[in-house]
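To keep things clear, I will list the structure first and then write my remarks on it.
The values are calculated or read from the model by the stated rules, or taken from the named source; none is laboratory data. These figures come from a predicted structure and were not determined experimentally. Don't worry about glycine lacking a Cβ; one is built from the backbone with ideal geometry, like all the others, and counts go over all protein chains shown.
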Amino acid sequence: MNQQEPPPSPAPAGVACAPRLELTALPGLPVVARGDDLAALVAEGLARGGLSLADGDVLVVTSKIVSRSQGRFVDLAGVTPGAEAIALGAEVGKDPRFVELVLRESVSVSRKTRGAVVVRHKLGFIAANAGIDCSNAAPASAPPGSGPWALLLPEAPDAAAEALRAALAERSGARIGVVISDSFGRPFRLGTVGAAIGLAGLPALWDRRGEEDLFGRKLEMTVTALGDQVAAAADLVAGQAGEGRAVVLVRGLSFPVGAHTASALLRPASEDLYA
């Protein structure tokens, strides 16, 4: 990140967080297949949990089930790596077919180390291995002996978030937000956290500059990544292994529902000191 925050597009006034947030994973969601109606699956999960959507609710949806519904499966057996992928795969110790996918999903390589290639993804963010996942990546219809399988990140995640938000808002009549989350590492920090790669309804940034602190001093630099904060909170409930909690309902925020996108969180490459 840069040393001086660039002026973002301010989030509309009216964002607020209650002293208590409620996070609830929707129960009983099935393994998602290509073409599945995510809005219908979420609505069924809400009904199973005895939940109904209300104004200010945010649904955090893992990128994996969005990718699965879009059919973003790749059988590595059908991938032919190029010379760059073969050389880079040997350097970092990864299957060159997997590295070929990473390069196809990226615009540039930022860093490389044993086991990982850090890239600027075509969607604009920096991610290890272009966010491509090999865990729980096979389609349900995969024939025996096929694979190994990889799962690419969703196409147009902001548009996917808006489509899901609009469908659920129409069903419920509630003014809600949707965040599509993925697990990101961070420079100089160990471990991953949930981050927003797609977003709708909820402002991505909460600009608090000009507000006063406890002692009356006006805030000068405080712009919080609201979309990422919500994704990280939900990640604690969703889990990272075999929990099967792909959708989390976050309750306790209030915000002006509008045409917001996760792309607002992206720092321009010209201002990024570490990418």
In the range 225-269, what residues are within 17 Å of the chain's Cα centre (by Cα) and of a type in the set (Val, Ile, Thr)? VAL230, VAL237, VAL247, VAL248, VAL250, THR261
I'm trying to understand the selection: among the residues of the range 85-102, which are under 17 Å from CYS134 (Cα atoms) and among the acidic types (Asp, Glu)? ASP95, GLU100
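Which members of the range 50-95 meet the condition of being part of a helix (DSSP H, G or I) and buried (at least 19 other Cβ atoms within 10 Å of the Cβ)? Let's see the steps before the verdict.
Within the range 50-95, the first condition is being part of a helix (DSSP H, G or I), and the residues that meet it are 63-70, 76-78, 83-92.
If the condition is that a residue be part of a helix (DSSP H, G or I) and buried (at least 19 other Cβ atoms within 10 Å of the Cβ), then SER63, LYS64, ILE65, VAL66, SER67, ARG68, SER69, GLN70, LEU76, ALA85, LEU88, GLY89 are the ones that fit.
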Counting only residues that are part of a helix (DSSP H, G or I) and not aliphatic (A, V, I, L, M), the range 145-175 contains a total of 7
For a quick check of your reading of the model, give me the residue pairs whose first member lies in the range 202-228 and is at positive phi, whose second is surrounded by 14 or more Cβ atoms within 10 Å (Cβ to Cβ), with beta-carbon atoms closer than 9 Å and at least 6 apart or on different chains. none
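Does the range 96-109 include one or more residues that are assigned to a strand (DSSP E or B), assigned by TED's automatic domain parsing to the domain that holds LEU168 and closer than 25 Å to ARG189 by Cβ?
Residues of the range 96-109 that are assigned to a strand (DSSP E or B), as a first pass: 106-109.
Those still in the list that are assigned by TED's automatic domain parsing to the domain that holds LEU168 too: none.
No: zero hits.
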Residues being more than 20 Å from GLY45 (Cβ to Cβ) and not in a strand (DSSP E or B): count how many of those fall in the range 176-198. 2
May I ask you to list the residues in the range 183-200 that are over 13 Å from SER63 (Cβ atoms) and either in the same structural domain as HIS121 (by TED's automatic domain parsing) or buried (at least 21 other Cβ atoms within 10 Å of the Cβ) (or both)? ALA200
